[in-house]
Amino acid sequence: MSNLQNFDLLSVGITVAAIGILGFAIFFDNRKSVTNKTFLGFSLITILYGVFNYINYQTASPELILWFLRLTIFWAVWHAFSFFQLFYVFPEEKINFPPYYKYFILPLTALASILTLTPWVFSRIEQVVMGGVSNPVRGPVIIVFGATVVLLAGSGIFFLIKKTWQAEGKLRSQLRLILLGATSTFSLIIVFNFILPVIFNQLRFIPLAPVFFFPLIIATAYAIFRHGLLNMKVVTVDILTFLLVVSILFEVLISSSTAEIFFRTIIFILLLTFGILLSKSIRREIKQREALQILTEELEVANEELRKLDQAKSEFISIASHQLRSPLTVIRGYIAMFSEGTFGAITEQARDALGRVSFSAEQLIKLVASLLNLSRIESGKIKYDFTKGDFVKLVKGIVEEFIPYARDKGVELHMEDYADGSIPLLFDSDKIREVVVNLIDNAIKYSPKGKISVSLSKNASILLLVKDSGIGIAKEDIRKLFAKFSRSTDAQKVDPNGMGIGLYFVKRVVEDHGGKVWADSEGVGNGSTFTVELPIKS
Ligand code: ADP
């Protein structure tokens with residue numbers, strides 16, 4: 001093999017490998033896009049065309065040369081066709097082909113390509129030129145071949161120019177780049193495949209067709225990539241694969257024995273396959289990551305909307321409860337006045353009825369208070385007024401207030417004596433009062449009978465324990481109790497009117513005082529203990 005031929009083989013080999021890698025890289029980048037599919041077709045046909053174009057002068061047999069030449073122009077027809085299609089579809093993902101594509105272009109291409117295999121186009125080889133291109137004897141039908149190729153290539157160029165003309169922005173610069181690539185390719189072809197052979201009878205460069213097509217292919221690949229995802233990781237892998245494949249190809253070329261050629265060719269094919277697969281898998285990973293990112297963004301939007309909705313709901317609750325509070329206070333006031341006989345003596349029956357009205361009004365007031373607390377927490381508007389006070393006195397007072405209510409319910413409520421007498425504390429007494437009220441109220445509510453004991457202790461911190469012998473809490477419910485609107489199924493049976501806001505408020509207030517609150521229970525039916533731990537601040 002002469003050095004010149006070695007050079008030809010190397011340059012054809014390198015460009016063929018590069019075209020193959022680019023073709024598959026673009027294809028795997030977006031397998032559904034008709035542009036990407038057509039590009040793969042165009043790349044593969046360029047390779048086939050290039051390979052037959054190259055090997056036709058590697059043999060001395062006129063028969064083989066004739067067939068290689070026929071196959072060269074057979075693929076040349078399809079090459080022109082895929083060129084036309086590429087620029088007909090570029091850069092769309094989906095396209096409806098017009099009827100003339102199905103009923104004229106495709107049949108014409110098929111017919112012209114089949115005719116190239118007949119003696120009417122190339123009839124025989126008269127003289128074999130070794131190491132050069134043998135000139136075949138042309139038949140009359142060569143005109144069909146010529147006309148079809150000119151028509152297809154011309155239409156492709158027409159679409160390319162038209163699209164470049166009409167395009168705007170990024171697409172326009174991409175199309176311009178392709179146009180530049182196409183111009184380079186056609187200039188090379190005109191110079192090396194037409195001017196040099198026809199005018200100067202210099203046929204040596206004809207076998208280098210894939211090299212001439214490279215500018216067009218690389219510009220188009222770049223434009224398609226830019227249209228989709230061009231990622232540095234993928235490009236790096238592609239370049240590395242390319243370099244590896246080229247170096248192995250070089251090894252093949254300098255092989256000295258058939259065994260070596262065989263072995264290295266296998267490595268070449270393996271490397272090419274793995275390179276393409278690797279590049280494909282990285283692309284898939286990038287796509288997944290992109291999909292994930294889109295999902296995250298969508299989720300963020302949905303979250304934001306939920307937040308707004310939540311805020312609207314809080315505002316609604318706040319407005320509604322404020323509006324409810326004043327009339328309720330008025331109702332409570334008048335009930336008290338009626339019961340006290342301010343408007344005249346009332347019968348026992350009426351007093352009884354008033355008692356029930358009063359009870360319902362109290363329930364409503366509690367509910368409104370809970371809603372107000374909730375809306376304060378939600379809007380971040382809980383205001384604290386920290387003052388010094390005696391914690392023992394506060395708790396004792398509340399227990400005493402609740403004793404008659406507990407007795408009415410058949411529950412015994414009592415407070416264990418606190419030995420040290422008082423616990424001075426810096427706290428918001430109204431809010432902490434609500435905390436203790438909530439816990440004792442719950443203990444009575446959720447204890448159909450039995451005992452409730454309230455106790456205080458002070459060591460490193462202050463502990464308030466509210467222990468009841470009521471319905472208890474299932475293990476799986478304990479963690480959830482302090483969340484908003486959280487209620488156990490048993491609690492719903494005992495008190496269907498609860499809202500599940502009380503403990504949410506308790507937790508918030510205790511934590512805002514730097515403390516902790518938690519619940520313990522031996523399980524359903526075995527009572528519960530609620531503990532509040534507050535730091536000593538006085
Ligand atoms: P509500 O009492 O309106 O349901 P809370 O926030 O005060 O709302 O209580 C939340 C839930 O915690 C109750 O529904 C109940 O399941 C449980 N719970 C609270 N206190 C007790 C208790 N002393 N014994 C058993 N369960 C309780």
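The values are calculated or read from the model by the stated rules, or taken from the named source; none is laboratory data. Predicted, not measured: the structure shown is a model, and the values here were computed from it. All Cβ positions, even for glycine, are placed from backbone atoms using ideal geometry, and neighbour counts span all protein chains on display.
Couple of notes before you dig in:
- Filter pass, ILE65 being over 21 Å from ILE143 (Cβ atoms), assigned by TED's automatic domain parsing to the domain that holds GLN127 and touching a Pro at 6+ places or on another chain (Cβ under 9 Å): yes
- Just so you know, in the stretch 520-538 the residues that are within 26 Å of LYS383 (Cα to Cα) and not basic (Lys, Arg) include one that is nearest to the ligand (Cβ to nearest atom), and it is PHE530.
- Test result for LEU464, within 11 Å of the ligand (Cβ to nearest atom), crowded, with 21+ Cβ neighbours inside 10 Å and not in a loop (DSSP other than H, G, I, E, B): no
- Some residue of the stretch 506-517 being within 7 Å of the ligand (Cβ to nearest atom) and closer than 25 Å to ILE365 by Cβ: no
Yes or no, residue by residue, for (1) assigned to a helix (DSSP H, G or I); (2) touching a residue at least 40 places away in the same chain (Cβ under 8 Å); (3) within 42 Å of the chain's Cα centre (by Cα):
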site: GLY20; (1), (2), (3): yes, yes, yes
site: LYS32; (1), (2), (3): no, yes, yes
site: LEU40; (1), (2), (3): yes, no, yes
site: THR46; (1), (2), (3): yes, yes, yes
site: LEU64; (1), (2), (3): yes, no, no
site: ARG70; (1), (2), (3): yes, yes, no
site: PHE74; (1), (2), (3): yes, yes, no
site: ASN96; (1), (2), (3): no, no, yes
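- Condition broken by LEU295, with the remaining ones in (1) under 9 Å from the mean Cα position of the chain (by Cα); (2) in contact (Cβ under 8 Å) with a residue 24 or more places away in the chain satisfied: (2)
- The residue list ARG376, ARG332 contains one member that is surrounded by 15 or more Cβ atoms within 10 Å (Cβ to Cβ) and within 27 Å of LYS484 (Cβ to Cβ), which is ARG376.
- Helices (runs of 4 or more DSSP H) wholly inside the stretch 102-219 containing at least 3 residues that are small (Gly, Ala, Ser) and touching a residue at least 12 places away in the same chain (Cβ under 8 Å): 142-166, 169-189
- Selection within the stretch 383-409 - more than 55 Å from the chain's Cα centre (by Cα) and within 16 Å of the ligand (Cβ to nearest atom): VAL399, PHE402, TYR405, ALA406, LYS409
- Conditions (1) buried (at least 19 other Cβ atoms within 10 Å of the Cβ); (2) in a loop (DSSP other than H, G, I, E, B): number failed by TYR88: (2)
- Any hit, the stretch 104-111, residues being of a type outside the set (Ser, Thr, Tyr) and crowded, with 20+ Cβ neighbours inside 10 Å: yes
- Tally, over the stretch 148-175, of residues that are at pLDDT 90 or above and out of contact with any Lys or Arg (no Cβ under 8 Å at 6 or more places or on another chain): 18
- Scanning the stretch 467-505 for residues being more than 7 Å from the ligand (Cβ to nearest atom) and hydrophobic (A, V, I, L, M, F, W, C) gives a total of 7.
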